[in-house]
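Here's the structure, in structure tokens; my notes come after.
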Amino acid sequence: MPTATRFLVATTAVGAVIAGLTTAAHALPADTERTTTHPSHPTKPLAGLRVLLTNDDSMRAAEASHSDGLGLYEMRKALCAAGADVVVMAPWQVQSGKGTAVSNGGALTLAHRVRMPAGYEGDCAGTPSGSPVYGVCLSGDACGAGTASATPADTVKFALRTGLAAKVGWSGRPDLVVTGINSGPNVSAQVNDSGTVGAAVAAIEDGVPAVAFSSSADRTLTYFPRVNYRANAEFGTRLLAGMRERSLFTAEFAVKVDYPDVSAGRPAKVPRWTGIGHGKVVRHDYAARPGSDKTFDITFGICANRPGDPCTETVRPADSTALLGGHIAVAPVTADRTYGAPADARKELRALKHYVERAAPRP
């Protein structure tokens, strides 16, 4: 990134864009001593844990489909209830499919959300940081309706290197970066496109442990039920508590957790330790626009899972296969793209695999 790149941090007014984003000043409490010991209170297993929370769906949570950040608020609620100190810095606009993309110029501006979405007011009251929620836009001015957004990776890099210290006074890095909960699974070849996973990779590249959470849609594949997010958040906080208790947080690799659809009343099955598949669940297609030989509309196609089809999964065990079978799919994700590179964290991988298979919470 060019050295001339600058980051402009400002709390902005948005008024009609999203109710509750205001210029009200946010009190910045003095940094408190970090707690590294495990809490003795069983209902607060994440007490003392400082968490940066982001996603690729934005922090708006305004769409009826629940596709623009509702999962982030369910995860925030669950993390704070478990005792974590959570700060949200998330993309201003939906950034799904941005992968690990970053912005190489311009400025970043913060919009502070004061009023939370209905049903999530007061979720993090009393945390040391005040648990603010910020949307991050790519602009030198106030974030507005049409303002370009920071990417998911932008939000993590900015937060870790400048934003958390500037806005909440944290010294040093957070203990953990949590990304999601994403609207829709991030499995198989789609993982390469995922901004949710891309944000987690940005965290481990900066030496901070990261876990990425995604939830399935309902049977229509267009609606993302609150119950799916809530079940994922509840399971996720217990998973994180167990990882913390066993000292399994590591920046050697990120952890990806995909939760099945439970909206029809069938509970999720036990977690499965998987690999990232090579098949596809959906794929990008391109259709010529009628009347034009220069314009092609971007569309999505559902892949046919049949022998010989290039979309069909061939990896065993794959995250997509576990998820389609109703299991929670857990997979490690490394930032090293070198083909055939040996895992440097074999001990950590074995320990996490054992935890997921033998001791992880059950839904």
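Peptides 322-329, 240-247, 56-63, 140-147, ordered by how many other C-beta atoms sit within 10 Å of their residues on average, highest first, read 56-63, 322-329, 240-247, 140-147. Protein heavy-atom surface of the range 158-312, 1.4 angstrom probe: 51% of the accessible area is carbon and sulfur, with nucleic acids and ligands not counted. Summary value for the range 141-232: 29 percent relative contact order, contacts being C-alpha pairs under 8 angstrom separated by 6+ residues. Between T334, T295, T220, the GNM of the chain built on Cα springs shorter than 10 angstrom shows T295 fluctuating the most.
Once every DSSP H run of n ≥ 4 in the chain is given -39500 (n - 2.57) and the sum is divided by its residues, what mean residue ellipticity at 222 nm do you get, rounded to the nearest 500 deg cm²/dmol? Could the numbers behind the result be given before it?
Details: 7 runs with 70 residues, N = 363.
Value at 222 nm, helices only, nearest 500: -5500 deg cm²/dmol.
Our Cα-only numbers for the range 202-256 put the radius of gyration and Dmax at 13.8, 39 Å. Beta bridges assigned by DSSP with both partners in the chain are antiparallel in approximately 40 percent of cases.
Put simply, the amide H of G48, placed in the peptide plane, has neighbours under 5 Å in D85, leaving out anything fewer than 5 places away on its chain. Contact order for the chain, expressed relative to its length and based on alpha carbon pairs under 8 Å spaced 6+ residues apart, stands at 16 percent. At a probe radius of 1.4 angstrom, the accessible area of the chain per residue rounds to 45 square angstrom.
Restricting to the range 239-353, what percent of DSSP beta bridges are antiparallel, rounded to 5?
Of those bridges, close to 70 percent are antiparallel.
Using Cβ point charges alone (K and R +1, D and E -1), the dipole size of the chain about the Cα centre works out to roughly 660 debye.
Kyte-Doolittle cut-off -1.0, length cut-off 27 Å along the helix's own axis using Cα: show which whole DSSP H helices in the chain pass. Don't skip to the answer; put the middle values down first.
Numbers: long enough: 226-245 (28 Å, -0.65).
Those that pass (Cα extent of 27 Å or more, hydropathy at least -1.0) are 226-245.
Of K157/K347; K167/K353; K77/K157; K157/K269, which pairs sit farther than 32 Å apart, going by alpha carbon to alpha carbon?
Working: K157/K347 28 Å; K167/K353 37 Å; K77/K157 24 Å; K157/K269 35 Å.
Among K157/K347; K167/K353; K77/K157; K157/K269, the Cα-Cα distance tops 32 Å for K167/K353; K157/K269.
Computed on the Cα atoms alone, the convex hull of the chain gives a volume of 163 cubic angstrom per residue.
Whole-Hz Karplus values for the range 283-298 come out as 9, 6, 10, 9, 10, 4, 6, x, x, 9, 9, 10, 10, 10, 7, 7 Hz, taken residue by residue from phi with 6.51 cos²θ - 1.76 cosθ + 1.60 and θ = phi - 60°; glycine and proline positions read x. Judged by the gyration tensor of its Cα atoms, with axes a ≥ b ≥ c, the range 173-218 is oblate; a/c meets the 1.5 cut and b/c is at least as large as a/b. Judged by the ratio a/c of the largest to the smallest principal axis of the C-alpha gyration tensor, the range 162-261 counts as prolate, that ratio being 1.5 or greater while a/b is larger than b/c.
The values are calculated or read from the model by the stated rules, or taken from the named source; none is laboratory data. Only a predicted model underlies this, so the values are computations on that prediction, with no experimental measurement involved. Using ideal geometry, Cβ is built from the backbone for each residue, glycine included, and neighbour counts are taken over all protein chains shown. Areas reflect the complete protein model, heavy atoms only, side chains present, ligands, DNA and RNA absent. Shrake-Rupley method; radii C 1.70, N 1.55, O 1.52, S 1.80 Å.
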